[in-house]
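The values are calculated or read from the model by the stated rules, or taken from the named source; none is laboratory data. Nothing here was measured: the structure is a model prediction, and the numbers come from that model. Heads up, the Cβs are rebuilt from the backbone with ideal geometry, glycines too, and the neighbour counts pull from every protein chain shown. For the accessible areas, the whole protein counts, side chains as well, though only heavy atoms, and no ligand, DNA or RNA atoms are used. Shrake-Rupley method; radii C 1.70, N 1.55, O 1.52, S 1.80 Å.
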Amino acid sequence: MSGRHVELAVRARDLSLRSGGRDVFTGVDVDLPVGSMLVVRGRTGSGKTSLLLTLAGRMRPTRGSLRVLGHDLPARAGAVRRRVALGEVRGVNDLDDALTVEQHVAERLVLHQPWWRPWTGRAQVDDLLDRVERTLAGTGGSGGAVPPLHRREFVSDVDPLERTALGVVLALVGRPDVLVVDDVDSLRRVEDRRRAWQALTVLRRTSTEPLTVVASCTDDPDLPRGADALLLDLQDA
């Protein structure tokens with residue numbers, strides 16, 4: 001079933017996770033419409049990353065009910081994982097510092113092609129990056145647009161905002177219904193955080209198919225005007 005045919009992208013009731021003898025997060029209730037944005041806010045150690053991974057079908061909750069894109073979790077975790085994509089989450093799907101930006105993109109394109117086509121050409125990589133950069137160039141906002149990716153630069157050398165953008169680009173290659181971006185506040189510069197929130201808002205609004213965005217942060221998100229995001233404060237969950 002496609003995400004466009006269900007009213008809610010995420011429905012959670014009393015969702016809780018306990019690990020190592022402690023509660024990671026407890027009592028989370030969410031009704032997130034398809035095509036909207038959820039911002040999970042909480043201090044370090046509040047369980048933000050674990051909650052995002054749970055909503056993405058990558059972690060198994062201890063208690064409560066969870067339905068994502070019409071699939072009950074954890075029973076249908078495989079189906080959810082195919083339709084929910086992660087930006088870079090450190091320790092989960094780290095980018096390879098020894099690869100360039102375009103090598104990462106080529107590798108991800110091959111992953112999503114038929115098995116009998118285990119290669120991709122520079123033209124295909126350039127076309128994808130060109131399309132992404134045209135979208136990012138239009139993000140604008142008070143903090144400015146996300147700058148173009150330096151295609152032949154190694155990931156170890158790119159700046160934090162470019163690394164975050166690359167993680168999002170790779171996540172979107174498979175045309176997911178839900179995009180998950182963890183810890184926007186890991187971007188230390190205020191203008192970079194502002195640009196990241198603006199870009200996520202624009203990507204959601206300009207997607208040809210409904211794109212639901214789930215992102216996390218520590219402080220109040222610097223969302224652009226009219227972003228109409230749902231805020232979930234884990235301290236109050």
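Among the residues making up segment 191-205, those that are open to solvent by 60 Å² or more (accessible area, probe 1.4 Å) and touching a Gly at 6+ places or on another chain (Cβ under 8 Å) are E191, R194.
Filtering R58, R90 for residues that are modelled with pLDDT under 95 and in contact with a helix residue (DSSP H, G or I) (Cβ under 9 Å, 6 or more places away or on another chain) leaves a single hit, R90.
Residues in segment 90-121 that are among the acidic types (D, E) and either surrounded by 18 or more Cβ atoms within 10 Å (Cβ to Cβ) or not in a loop (DSSP other than H, G, I, E, B) (or both): E102, E107. Checked against the criterion of being assigned to a loop (DSSP other than H, G, I, E, B), at pLDDT 90 or above, in contact with a Pro (Cβ under 8 Å, 6 or more places away or on another chain) and closer than 18 Å to R43 by Cα, segment 167-187 has at least one qualifying residue.
Tell me, please, whether a residue that is among the aromatic types (F, W, Y) and open to solvent by 50 Å² or more (accessible area, probe 1.4 Å) can be found in segment 144-157. Checking segment 144-157: at least one residue is among the aromatic types (F, W, Y) and open to solvent by 50 Å² or more (accessible area, probe 1.4 Å).
Evaluated against (1) in contact (Cβ under 8 Å) with a residue 60 or more places away in the chain; (2) open to solvent by 70 Å² or more (accessible area, probe 1.4 Å); (3) not in a loop (DSSP other than H, G, I, E, B), T44 falls short on exactly one condition, (3).
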